[in-house]
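The values are calculated or read from the model by the stated rules, or taken from the named source; none is laboratory data. Just so it is clear, the structure is predicted and the values come from calculations on it, not from any experiment. Ideal geometry is used to build each Cβ from the backbone, glycine not excepted, and the neighbour counts take in all protein chains shown. The accessibility values were calculated without ligands, DNA or RNA, using every heavy atom of the protein model including side chains. Shrake-Rupley method; radii C 1.70, N 1.55, O 1.52, S 1.80 Å.
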Amino acid sequence: MKRSLVEKRVIVTGASSGIGRELAKQLVSSQAQVLATARRETLLHALKQEVTSLGVGGPLHYLAGDITDADFRAQLVEHAVTLWGGFDILINN
């Protein structure tokens, strides 16, 4: 049975490049709501612009920071709570 990702709230770490970036794009195209995170804000911004220019899929938000920092992890979760009231899926890439 294939699960639907429509309207699922997903945090993707390591989303500035490679597998994380591609996962974020695929999730957005599957109508998921994505909160992308990585250390390089300029690359996250470029990802958001790319996804937005395609005009298909769910929204992509981003928050730059270092996931190994406990304060940033708390901030990331709080951001997801503020955006969506929580999250359904965490992809630690």
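So here's what we get for this one:
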read-out	value
Lone unmet requirement of (1) on the phi < 0 side of the Ramachandran plot; (2) open to solvent by less than 60 Å² (accessible area, probe 1.4 Å) for residue 78	(2)
Any hit, segment 51-74, residues being modelled with pLDDT under 95, open to solvent by less than 60 Å² (accessible area, probe 1.4 Å) and in a helix (DSSP H, G or I)	yes
Top-ranked residue in segment 1-12 [being open to solvent by 50 Å² or more (accessible area, probe 1.4 Å) and in contact with a helix residue (DSSP H, G or I) (Cβ under 7 Å, 6 or more places away or on another chain); ranked as nearest to residue 76 (Cα to Cα)]	9
Residue satisfying condition, being within 19 Å of residue 80 (Cα to Cα), modelled with pLDDT of 95 or more, in contact with a Lys or Arg (Cβ under 6 Å, 6 or more places away or on another chain) and surrounded by 15 or more Cβ atoms within 10 Å (Cβ to Cβ), within set 15, 38, 24	15
Residues being in contact with a Pro (Cβ under 9 Å, 6 or more places away or on another chain) and assigned to a helix (DSSP H, G or I) - total across segment 17-39	1
Output for segment 1-16, where each listed residue is part of a loop (DSSP other than H, G, I, E, B) and under 12 Å from the mean Cα position of the chain (by Cα)	8, 14, 15, 16
Positions within segment 75-93 being among the charged types (D, E, K, R) and assigned to a helix (DSSP H, G or I), in sequence order	78
